[in-house]
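Trainee: Sending over a structure as structure tokens; questions will come in a sec.
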Amino acid sequence: MDSAVQTINNLTIGFKSQKGKQISILKNISTTIKKGETVGIVGESGSGKSTLALAMMGYVKHGLYTISGECLFHSNNLLEMKNKDLENIRGRKIAMIPQNAGQSLTPNLKIGYQIDEALKLHTDLKKEERDKKISELLNKVRLPSPEIMAQRYPHELSGGQQQRVAVAMALAGNPELLLLDEPTTGLDVTTQAHVLELLNFIAKDTGTSMVYVSHDLGAIAQVSDRVIVMYSGEIVLDGPVRSILKNPIHPYTFGLLKSIPKLTSPGLPDSMSGSQPQPGTIKTGCSFYERCNLAEDKCKNNSPTLEYIDDLNTSVRCFKYKELINVKETNLDSVKSINNDVLQNEILDISKVSISYAKQKFIDQLLNKIDDSNPTVQDINININKGETLALVGESGSGKSTILKSIAGLLKTKDGMIKFDKDKVLSNDLKMRDPGFLRAIQLIFQNPDESLNPNHTVEEIVSQPLRLYFGLKGDELKQKIIEVLEKVRLGEFYLTRYPRQLSGGEKQRVAVARAFAAKPDIILCDEVTSALDVSVQAAVLNLLQELKEDFGTTYIFVSHDLAVVRAISDRVAVLYQGRLCEIGPSKNVYQLPSHPYTEVLLGAVLEPDPDVKPKLVAEDIVEEKPPEQGCSFQGRCPRILGDICKNEVPPWQIGENGNSIRCHIKVEDLKKQQNIN
Amino acid sequence: MTLEKEQKKNNLQKVYEVIKTMASKPSGLIGLSILLFHVILAITSPLYVPYDYKAIDPSLMLQAPSSEYWFGTDSLGRDVFTRTILGGRTALTVTFFGSLIALLWGGALGIFCGLVGGKIDDVVMRIIDAFLSIPWILAMLLIVSLLGTTTLVLIPALGFFYGKGIVRVARAATHDVIAKDFIVSARARGHSNLSIIWNEILPNVRDAIMVEGAMRWSWMLLGFSSLSFLGFGVSPPTPDWGLMISNARGLMSFAYWAVLAPIFGLSSLIIGINLTADAFAKALGIDRSTKAPV
């Protein structure tokens with residue numbers, strides 16, 4: 001095995017519990033990273049994937065220690081090396097790219113200086129050579145005009161550019177192995193697609209081996225040659241990317257792939273029940289036993305071993321993998337299509353709404369000058385019918401959360417009007433709103449860690465709206481709380497728990513329960529699934545859909561994830577820089593011809609399929625402010641016509657499928673252009 | 001069981017757990033025992049003092065410690081041991097209630113300012129800053145000389161001056177939670193400000209404010225003794241450590257015992273409170289080492 005860069009043998013890493021019990025985080029990991037190979041490590045949070053990546057650098061987190069096994073880089077065991085020797089390997093031979101590049105770059109040093117530091121540390125080049133190398137590296141990661149870029153500070157770059165700088169720094173020492181820990185997780189869809197494409201290019205260009213750690217199967221599919229699936233600290237599946245993603249033979253991977261919403265197959269994905277066992281709780285048997293559909297008695301009592309299957313070139317840890325070998329399609333037949341009774345009853349009418357974050361100057365206020373600054377969100381017209389799910393889609397900074405906040409009354413609108421139930425105008429000021437309207441519109445937030453008071457029990461959390469709106473007390477209150485909790489599949493058992501004692505999915509269920517306790521007409525969902533693991537995300541989406549069918553609630557669903565939006569929404573509104581680009585029934589918006597921005601977004605979506613490559617149409621630029629006049633998308637539009645786009649606000653056109661597109665290009669022309677590409 | 005009852009049981013359990021954690025480290029155990037010792041002494045000492053604390057006897061002036069007078073006698077022939085074990089009573093009572101007042105008004109104003117923000121917050125905080133810039137001891141002297149040195153003046157005056165710092169701590173702690181989504185969510189539901197403070201903010205800032213209050217207590221004790229030392233605290237012949245140190249300090253070169261005993265009493269109590277407050281902070285998971293005293 002000459003070509004092996006890193007070999008991991010029987011690695012077990014764990015910690016000692018307070019009672020002195022030894023608990024393993026990683027269990028008997030054995031694998032080999034070959035030269036020039038890109039290996040993707042996938043798993044849900046808590047599966048041990050980051051611990052494994054760190055161990056590959058010879059680093060074990062504080063509190064953890066190596067119980068057994070070794071991690072060989074060529075022939076040196078990294079886990080037994082002295083710090084001094086490790087310093088020579090880290091950066092030079094093995095480099096790491098962290099998740100959040102913005103936080104790992106020093107904010108007060110120029111980009112060029114920081115790369116120079118890495119070069120000084122990891123190479124023996126002279127000053128002039130290093131300067132040349134800096135430009136070379138910045139060029140390699142495709143940053144425009146490297147000389148100017150080197151003079152900038154990290155905060156002057158966008159998230160995608162920062163990530164590129166991090167890649168450049170990692171490449172400074174010409175490493176043989178590159179470890180990437182969720183490198184694209186915090187990025188926008190289009191930026192993510194660009195960064196992944198860059199990583200692919202670098203892997204081919206330099207022949208560096210890469211280990212790509214992610215929870216996102218879509219990203220993994222784009223970069224990896226081989227995929228390792230981890231569950232509860234064990235490798236459960238290890239094989240070539242195609243066979244793993246197209247024909248997963250472990251029930252966990254099978255379920256995981258099923259639970260990912262896809263653009264190509266609308267409707268809600270299947271969800272997996274249960275959650276990953278806590279470290280140290282599984283004594284005997286398969287760690288996936290409790291969630292497995294195929295499980296039988298044998299799985300409960302015996303732990304399966306990692307078995308190598310010759311003709312698939314895959315290792316699998318399952319007794320029953322044979323049952324899955326011939327199942328080819330993983331998704332199509334199981335998808336539940338959503339079926340909502342949308343009444344032609346308007347429940348919310350947003351007309352000509354603009355919102356501005358800019359504060360009027362004190363003097364201007366005195367002189368009664370009209371504020372003519374360019375508002376963050378402008379000219380939003382949306383009607384929402386009863387029982388409908390409307391999705392607002394866009395990248396960060398598109399104003400989707402801003403619109404949500406102003407519907408909830410948390411932000412004042414500058415212009416325009418929001419009408420509830422046909423003719424009741426919602427006041428701009430939260431305090432002036434009728435309590436009945438406040439009850440009717442409830443919010444669910446992105447991160448349940450933030451939206452649930454850490455010092456309240458589940459009972460107190462859910463009791464808040466019940467006491468406020470219905471004045472319930474005592475036994476009646478308790479009865480109602482239990483009733484609401486049962487609706488979200490949490491039992492009485494959870495009443496006395498604190499949020500920190502719940503898993504991510506359970507926390508989000510509590511947040512959903514709190515919103516539904518108010519018996520709302522409209523629920524505003526702000527990225528409700530983006531902080532959750534894939535399998536949990538599917539479960540929460542299914543829950544929301546069921547509750548909607550029971551109560552006839554209207555959802556306004558904000559998300560940056562187009563696949564999730566496709567799965568749950570009836571109608572989609574696409575936003576760029578606070579301006580509407582396109583709106584229509586979701587199945588129509590997701591079809592071409594569409595607004596150039598929708599086209600860019602759709603092209604950048606990553607499918608968990610190595611054969612579907614993202615189409616990169618537009619430049620990866622980040623705009624901070626909407627343009628003063630003209631079309632909002634003029635700065636990035638790949639199909640820009642010319643001056644007309646810069647000077648005139650485009651008109652609304654009715655697209656071929658009944659969706660409204662706001663563009664200067666005629667729908668027929670859009671159709672021609674988009675079909676050619 | 002109703003919500004309220006369960007809540008009560010939960011709180012009691014929490015207090016018990018916090019005390020248990022505090023006592024599990026040597027420094028916390030030492031602090032707690034010193035504090036407990038002083039409190040018990042202050043409550044029970046009148047029952048077993050060997051002599052009358054105000055009995056003046058010129059023939060017994062400045063006796064060295066002996067089996068009869070354990071800590072010797074002072075310049076008026078009074079027993080130092082008697083006066084030392086009685087000397088903490090006023091100080092403890094005044095500062096305990098003083099810091100309670102400081103805690104209440106400082107905490108309430110701080111949370112209020114943190115919540116409402118804007119202009120009101122600006123104005124209140126500038127006033128607090130202005131007060132912080134006045135040397136408290138001068139202001140105290142002014143108040144005490146105008147209104148007298150009774151406990152009814154001292155407690156609120158000390159409580160006021162030591163509460164200013166708590167306003168800032170409470171405001172900062174409120175700012176930490178105010179941006180969290182659960183507050184936004186409560187606002188969007190339409191809860192009143194009072195209900196948001198009581199239900200959502202208070203449980204999250206309570207710990208920080210309580211720890212701050214405990215620290216203020218020890219500083220206030222030192223402040224109160226300084227006032228007594230200057231002659232503006234308790235009036236003679238009431239036994240008080242600050243006053244005792246002040247009276248005996250001129251004779252320190254040949255009657256060290258008359259100074260040493262009250263100094264020991266005062267410093268051990270302050271150390272006790274400090275250690276307890278630190279252990280309290282650690283038990284609640286608050287790191288005091290990163291915060292400079294305001």
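The values are calculated or read from the model by the stated rules, or taken from the named source; none is laboratory data. Keep in mind that what you see is a predicted model, and the values were worked out from it rather than measured. Note that we place each Cβ from the backbone using ideal geometry, even for glycine, and neighbour counts take in every protein chain shown.
Trainee: May I ask you to list the residues in the range B:222-246 that are more than 14 Å from B:LYS54 (Cα to Cα), surrounded by fewer than 19 Cβ atoms within 10 Å (Cβ to Cβ) and polar (S, T, N, Q)?
Mentor: The one that is more than 14 Å from B:LYS54 (Cα to Cα), surrounded by fewer than 19 Cβ atoms within 10 Å (Cβ to Cβ) and polar (S, T, N, Q): B:SER226.
Trainee: Could you check the range B:47-87 and list, in sequence order, the residues that are at pLDDT 80 or above and out of contact with any Phe, Trp or Tyr (no Cβ under 9 Å at 6 or more places or on another chain)?
Mentor: Across the range B:47-87, the qualifying residues are B:LEU47, B:TYR48.
Trainee: Please go through the range A:493-504 and pick out each residue that is within 11 Å of chain B (Cβ to nearest Cβ) and either part of a helix (DSSP H, G or I) or in contact (Cβ under 8 Å) with a residue 40 or more places away in the chain (or both).
Mentor: A:TYR498, A:PRO499
Trainee: Shifting gears a bit: Please state which of the following conditions A:LEU119 fails to meet, knowing it meets all the rest: (1) of a type in the set (A, V, I, L, M); (2) over 21 Å from the mean Cα position of the chain (by Cα); (3) farther than 30 Å from A:TYR576 by Cβ; (4) not in a helix (DSSP H, G or I).
Mentor: (4)
Trainee: Could you go through the range A:518-535 and let me know if any residue there is outside any helix (DSSP H, G or I), without any contact (Cβ under 8 Å) to a residue 12 or more places away in the chain and either more than 14 Å from chain B (Cβ to nearest Cβ) or within 16 Å of B:ALA188 (Cβ to Cβ) (or both).
Mentor: Checking the range A:518-535: not a single residue is outside any helix (DSSP H, G or I), without any contact (Cβ under 8 Å) to a residue 12 or more places away in the chain and either more than 14 Å from chain B (Cβ to nearest Cβ) or within 16 Å of B:ALA188 (Cβ to Cβ) (or both).
Trainee: Counting residues that are away from chain A (no Cβ under 14 Å) and free of Cβ contacts under 8 Å to residues at least 60 places away in the same chain, which helices (runs of 4 or more DSSP H) fully inside the range B:176-280 reach at least 2?
Mentor: It comes to B:202-229, B:241-248.
Trainee: Sort through A:ILE115, A:ILE134, A:ILE111 and tell me the only one that's within 24 Å of A:LYS84 (Cα to Cα) and touching a helix residue (DSSP H, G or I) at 6+ places or on another chain (Cβ under 6 Å).
Mentor: The unique qualifying residue is A:ILE115.
Trainee: State which residue is nearest to the chain's Cα centre (by Cα) when the search covers only the range A:371-428 and only residues that are farther than 18 Å from A:GLU582 by Cβ and of a type in the set (Val, Ile, Thr).
Mentor: Among those residues, the one meeting the criterion is A:THR402.
Trainee: Filter the range A:122-151 down to the residues that are part of a helix (DSSP H, G or I) and acidic (Asp, Glu) and list them by number.
Mentor: Quick first cut of the range A:122-151, residues part of a helix (DSSP H, G or I) only: A:122, A:127-140, A:146-150.
A:GLU128, A:GLU129, A:ASP131, A:GLU136, A:GLU147, listed by residue number.
Trainee: Just wondering, is there one or more residues in the range A:172-184 that are in contact with a strand residue (DSSP E or B) (Cβ under 9 Å, 6 or more places away or on another chain), within 21 Å of A:ARG130 (Cβ to Cβ) and surrounded by 24 or more Cβ atoms within 10 Å (Cβ to Cβ)?
Mentor: Yes: one or more hits.
Trainee: Could you list all residues from the range A:450-481 that are within 19 Å of A:ASP550 (Cβ to Cβ) and under 32 Å from the mean Cα position of the chain (by Cα)?
Mentor: Of everything in the range A:450-481, those that are within 19 Å of A:ASP550 (Cβ to Cβ) and under 32 Å from the mean Cα position of the chain (by Cα) turn out to be A:VAL462, A:PRO465, A:ILE481.
Trainee: Identify, by number, the condition in (1) surrounded by fewer than 20 Cβ atoms within 10 Å (Cβ to Cβ); (2) within 19 Å of the chain's Cα centre (by Cα); (3) over 20 Å from A:GLY102 (Cβ atoms) that A:ALA221 doesn't meet.
Mentor: All conditions pass for A:ALA221, except number (1).
Trainee: If you don't mind, there's one more thing I want to ask. Please determine, by comparing only the residues of the range A:458-468 that are more than 8 Å from chain B (Cβ to nearest Cβ) and in contact (Cβ under 8 Å) with a residue 24 or more places away in the chain, which one is farthest from A:ALA518 (Cα to Cα).
Mentor: If we take residues in the range A:458-468 being more than 8 Å from chain B (Cβ to nearest Cβ) and in contact (Cβ under 8 Å) with a residue 24 or more places away in the chain, then A:VAL458 is farthest from A:ALA518 (Cα to Cα).
Trainee: Determine which single condition A:LEU490 fails, assuming it passes every other condition in (1) aliphatic (A, V, I, L, M); (2) in a loop (DSSP other than H, G, I, E, B); (3) within 14 Å of chain B (Cβ to nearest Cβ).
Mentor: For A:LEU490, the exception is condition (3).
Trainee: Looking at (1) surrounded by fewer than 21 Cβ atoms within 10 Å (Cβ to Cβ); (2) outside any helix (DSSP H, G or I); (3) of a type outside the set (Ser, Thr, Tyr), which one does A:GLU546 not meet, given that it meets all the others?
Mentor: Evaluating A:GLU546 over (1) surrounded by fewer than 21 Cβ atoms within 10 Å (Cβ to Cβ); (2) outside any helix (DSSP H, G or I); (3) of a type outside the set (Ser, Thr, Tyr) leaves (2) as the failure.
Trainee: Please determine, by comparing only the residues of the range A:371-387 that are polar (S, T, N, Q) and outside any strand (DSSP E or B), which one is surrounded by the fewest Cβ atoms within 10 Å (Cβ to Cβ).
Mentor: To start, the set of residues in the range A:371-387 that are polar (S, T, N, Q) comprises A:373-374, A:376, A:378, A:381, A:383, A:385.
Next, only the ones that are outside any strand (DSSP E or B) stay: A:373-374, A:376.
Numbers: A:SER373: 13, A:ASN374: 15, A:THR376: 19.
The residue in question is A:SER373.
Trainee: Take the conditions of a type in the set (S, T, N, Q) and closer than 21 Å to A:ASP449 by Cα and apply them to B:SER185. Does it pass?
Mentor: yes
Trainee: Further question: Within the range A:152-183, which residues are under 26 Å from A:GLY394 (Cα atoms) and not in a helix (DSSP H, G or I)?
Mentor: Of everything in the range A:152-183, those that are under 26 Å from A:GLY394 (Cα atoms) and not in a helix (DSSP H, G or I) turn out to be A:LEU157, A:SER158, A:ASP181, A:GLU182, A:PRO183.
Trainee: Then there's this: For the range A:569-677, give me every one of the helices (runs of 4 or more DSSP H) that falls completely inside it and has 3 or more residues that are crowded, with 23+ Cβ neighbours inside 10 Å. Even if it seems obvious, please write down each step before you answer.
Mentor: Numbers: elements: A:586-589, A:596-604, A:643-647, A:667-676.
Once the helices (runs of 4 or more DSSP H) in the range A:569-677 are filtered for at least 3 residues that are crowded, with 23+ Cβ neighbours inside 10 Å, what remains is A:596-604.
Trainee: Could you tell me whether any residue of the range A:388-408 is part of a loop (DSSP other than H, G, I, E, B), within 13 Å of chain B (Cβ to nearest Cβ) and either in contact (Cβ under 8 Å) with a residue 40 or more places away in the chain or surrounded by fewer than 20 Cβ atoms within 10 Å (Cβ to Cβ) (or both)? If you could, list the steps in order and put the result at the bottom.
Mentor: Step one: of the range A:388-408, the residues part of a loop (DSSP other than H, G, I, E, B) are A:388, A:394-399.
Then keep just the ones that are within 13 Å of chain B (Cβ to nearest Cβ); that gives none.
Within the range A:388-408 (the criterion being part of a loop (DSSP other than H, G, I, E, B), within 13 Å of chain B (Cβ to nearest Cβ) and either in contact (Cβ under 8 Å) with a residue 40 or more places away in the chain or surrounded by fewer than 20 Cβ atoms within 10 Å (Cβ to Cβ) (or both)), the answer is no, since none of the residues qualifies.
Trainee: What number of residues in the range B:64-108 are surrounded by fewer than 20 Cβ atoms within 10 Å (Cβ to Cβ) and more than 20 Å from B:PRO46 (Cα to Cα)?
Mentor: 12
Trainee: Name the residues in the range A:453-483 that are over 17 Å from B:SER195 (Cβ atoms) and surrounded by 22 or more Cβ atoms within 10 Å (Cβ to Cβ), would you?
Mentor: A:VAL458, A:ILE481
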